[in-house]
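Structure record follows, encoded as structure tokens.
The values are calculated or read from the model by the stated rules, or taken from the named source; none is laboratory data. Owing to the predicted nature of the structure, the values given are computational and were not obtained by experimental measurement. Cβ: placed from backbone, ideal geometry, glycine included. Neighbour counts: every protein chain shown.
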Amino acid sequence: MFSELKRYSILALYTCALFFSVPLSLCIWFVRRELCTETSVAGEKQLGGVENKKKLLPNESATCPDMHVVIVHPEQWNGGSDRCTVALIRHFVSQGHRVTWLTTMIDEYWKNHTFDGVEIREVGLKLHPGDWWSQNVALGWHMVFSNLNPDVAIIDHSASCVPMIKWRFPQCKILFYCHFPQQLVTPSRFFLYRWYAKLIGIVEEELFGQIDQIFVNSNFTASQFIKVMPNIERNKVRVVYPPCDIDWIVSASDRPVSRAERAKNDVYTFLSMNRFWPEKRLDIIIEATSILKQKGYNLHVQLAGSVMPHIPESRIYYDQLQEMARELNVTDMVSFIPSPSDKVKFQLYQQCDTALYTPPNEHFGIVPIEALDQRRPVIVCDSGGPAETVLEDITGTKIAKPCGELLAEAMLHHMNKRDWPELDTEEGYAKQRHRLETEFSTRGFCGNIDRAIAEMMGTMDINATEPAQPVMETIVHQPVATEVYAKPYQQNKSAHIRRAQA
């Protein structure tokens, strides 16, 4: 009786969401952007360039071979999930499949990238950035009324469109790639997300039950996913690391070189490559720099990353970090490099001595993998995905928690430890390169996707690597992590200054 009541309640809630979430998202974004004139959020270049984007991303060579794959990716910015989408598109096109890409927007970052062989359907609705539930509902409605006939749909961020696709295309198989459970991402964001985060969790567990295969980007994400979705069949959930494929960015002449092969820096140089966002805890880097400066050490820290125009917190946090650097008197040691291009990004990797990656409980974390590819040691928090991918004192160092004092100790350790044999020597790096290509390459990632599709379709004629392993029972005992872990600098300003001056 209770289970039936719960099921009908969820059905009613989901039905309401189908009809009201998109208009609500449109209204809230209009209020924030037009009536409240928030100048630090996305402008016309991001959300108004739908027609221009279609000119930039032609569909001249699209074909219609064996399989029709629809990729539902709600927002195409320049993050890890967006690069996963690009890797999938390139892979399926190279396999000769017909590929349709559904999204609500494509950032101008991709204006110089070509996606030949892809049909891009960009739904021109100005929905609230980050509201993946409503965005995927809008994309689901587009599919319902479209002339598409997909064999496979690959979805990420939210399962809100899954029942719509299953109803409209009953033969379509669905693969979901989970970067992190949405209800654990939402609590630290603006009010739109806070009030409906738990409702999303209640409804989405039911929706995930309709998905044929679920991939997660790390064992840490798997533990969090199963914790908040305890009734999902374990054999549906598999860990597949996202790809780190920079061959199409870096030319052959710019291949990774060890620090011994390039000119030595005048001072030890640290590089943080991360978007400016409070949860990334870039503030502890400035605090650690202040601690080391007061102890008489000379170093250079480069803070590079995207200043996200579509989210006010990013610009606010960027400004707060600059203020913090001034107040702690480290402007002579800290450089800010906002939104570097890919070419500049990898030039910075080659120039640095050590990479810094400070977010705790990071879902996966592509930066430690990029640092490994570029033969640079990295300092990370010993939690989340980086705890799985960084080898202690071999490819980097782990600190117990995001703390300026601990980071300063780790940075000093790197300044004193000049040799990293597994990265600096050709023989040692060959081992790490093999690990990189086995676990974190595009070939391995796409091979797992192919294997999953072959299993779902009941065919085994797709060339694939060994399948990803199902999630083990033991990982569900890890505690649930939420994004409210981090505190912006302004909220903890006096504590930072006291610690740095101690």
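Tell me whether the stretch 112-128 contains one or more residues that are among the hydrophobic types (A, V, I, L, M, F, W, C), within 24 Å of ALA454 (Cα to Cα) and in contact with a Leu (Cβ under 6 Å, 6 or more places away or on another chain). No, the stretch 112-128 contains no residue that is among the hydrophobic types (A, V, I, L, M, F, W, C), within 24 Å of ALA454 (Cα to Cα) and in contact with a Leu (Cβ under 6 Å, 6 or more places away or on another chain). On inspection, THR85 qualifies as closer than 30 Å to ILE369 by Cβ and at pLDDT 50 or above. Once the stretch 265-290 is narrowed to residues that are touching a helix residue (DSSP H, G or I) at 6+ places or on another chain (Cβ under 9 Å), charged (D, E, K, R) and in a loop (DSSP other than H, G, I, E, B), the residue that is modelled with the highest pLDDT is ARG281. In the condition set (1) over 26 Å from the mean Cα position of the chain (by Cα); (2) closer than 24 Å to THR15 by Cβ, ASN149 is compliant with all but (2).
Quick check: is even one residue across the stretch 408-425 in a strand (DSSP E or B), surrounded by 18 or more Cβ atoms within 10 Å (Cβ to Cβ) and out of contact with any Phe, Trp or Tyr (no Cβ under 8 Å at 6 or more places or on another chain)? No: zero hits. Every listed requirement among (1) modelled with pLDDT under 90; (2) not in a helix (DSSP H, G or I) is met by GLU437 save one, (2).
Picking from residues in the stretch 296-322 that are part of a helix (DSSP H, G or I) and either basic (Lys, Arg) or touching a Lys or Arg at 6+ places or on another chain (Cβ under 9 Å) (or both), the one that is surrounded by the fewest Cβ atoms within 10 Å (Cβ to Cβ) is PRO312.
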